[in-house]
Amino acid sequence: MDSGTRGAGEKSNGRLPSVAVSGSGAAVPAIRLYSPTARPASTSDGSLASACAPAADRVLTSATAEGDAREPSVTSHRSTGRPSLGMMQPYFFPYLGYFGLIHATDRWVVFDTPQYIRRGWVNRNRVLASGASPWKYARVPVARCPPSTPIREVQIDGRQAWQDDLFNNLDAYRLRRAPHYAETIEFLKVTLSLQTEQLSELLIHCLRCCCEYLKLPLDCHVFSRMQLSLPSISDPGDWAFETAKAVGASSYINPPGGQSLFNPEKFREANIRLQFLTAELPAYHQGRQEFIPGLSIIDALMWNEVSAVRDMVADYTLKAA
């Protein structure tokens, strides 16, 4: 997708291209074909081969078999031109706007090196509740770690049966008779059957599985594996700027909440278009009178057809800095 086709303040058209399975020419079929137990593999262009794709269509390298987690250096340009770039920390089944950023960009960087923040969004997100509170957290418990621990080094607390707790927390959707409860639970069970102790590996896997389920194209790179030679970073906004320069991006797209982090003039001088994406987050039926926006994408999948969720993801406005 050429990000230059939508100008400042112009809305997305709300439609996604179909995704074909390599070698078959057919659209990605039902969730039963997913194989979540394999680790994502690095491909020749630095992206991650999907762990959710059918086994016959997955690219597994010898480096992966030997446990090498590094990615090759990212090429500066794609054959179709300079890519648009999005870059965010990994979150546990994030809200629709996160996937809107992926829809708006050609290349996605999972920023896994920042410090893990307790009680943030990295290992938990909000879902509907059936009690007095309208919502509650679905989460992955993490092992104790020093406050300075980067996200990529955080481990899952395997002493807790957290998958059982998570599905118990989602029982509110069964009680409220969410129309897509059964297929969403099946999707989650398959996705969360990945065997790993690393939180970031689970989060990246869940992101890829969600994008495949939505048929949302994802060219995904993990920051800690990209082998980029960046200068010393002094300002938080420079991580995105220097990464965009390093991969030869034509534009960088961020949520409006981080607008104060960036120096637009610096992007202009580097011929990188800085844009901010505002997700529309349309209301939908949630089995209750008052709509609660910004819940995990799990909520949207419980109440809506996948095609409708896909259109919600693509409903946003891009504005130039």
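Going 7 Å from the Cα of GLU265 in the Cα-to-Cβ direction, what parts of the range 223-243 have a backbone nitrogen less than 19 Å from that spot?
Correct set: 234-239, 241-242.
Give a residue-ordered list of calculated ³J(HN,Hα) values for the range 106-121 (Karplus: 6.51 cos²θ - 1.76 cosθ + 1.60, θ = phi - 60°; whole Hz; x for Gly, Pro).
8, 9, 10, 10, 7, 8, 9, 9, x, 5, 5, 9, 5, 6, x, 9
Which residues' amide hydrogens lie under 5 Å from the amide hydrogen of LEU274, considering only partners 5 or more residues apart or on another chain, with H built in the peptide plane?
Placed amide hydrogens put TYR252, ALA321 under 5 Å from LEU274.
Using 5 Å bins from zero, what percent of all Cα-Cα pairs in the range 146-248 falls into each bin?
Pairs per bin, as whole percents: 2, 9, 14, 16, 17, 15, 10, 8, 6, 2, 0.
Straight-line reach from LYS189: which lysines fall under 21 Å, measuring Cα to Cα and dropping same-chain residues less than 8 apart?
Cross-link targets: LYS136, LYS215.
Give the distance, in whole Å, between the Cα centre of the range 79-143 and the Cα centre of the range 153-180.
Between the Cα centres of the range 79-143 and the range 153-180 lies a distance of 17 Å.
Considering the convex hull of the alpha carbon atoms of the range 262-321, report its projected area averaged over all viewing directions, in nm², one decimal.
If I average the Cα hull's projected area over directions, I get 5.4 nm².
Would you list the P(r) distribution for the range 80-201, with all Cα-Cα distances sorted into 10 Å bins from 0 and each bin expressed as a whole %?
11, 36, 35, 15, 2, 0
Each label point is 7 Å from the Cα along the Cα-to-Cβ direction; what then is the distance between the points at CYS145 and GLN163, in nm?
2.1
Can you tell me the convex hull volume per residue for the range 175-321, based on C-alpha atoms, in Å³ to the nearest whole number?
Value for the range 175-321: 147 Å³ per residue.
In what sequence do MET302, MET312 fall when counting other Cβ within 10 Å, fewest first?
MET312, MET302
Note the full-extension length gain between LYS319 and ARG176 as 0.36 nm times their separation in residues minus their Cα-Cα distance, in nm to one decimal.
47.7 nm
Only the coordinates and a few stated rules stand behind these numbers; no lab work does. Only a predicted model underlies this, so the values are computations on that prediction, with no experimental measurement involved. Every residue, glycine among them, receives a Cβ derived from its backbone with ideal geometry; neighbour counts consider all protein chains shown.
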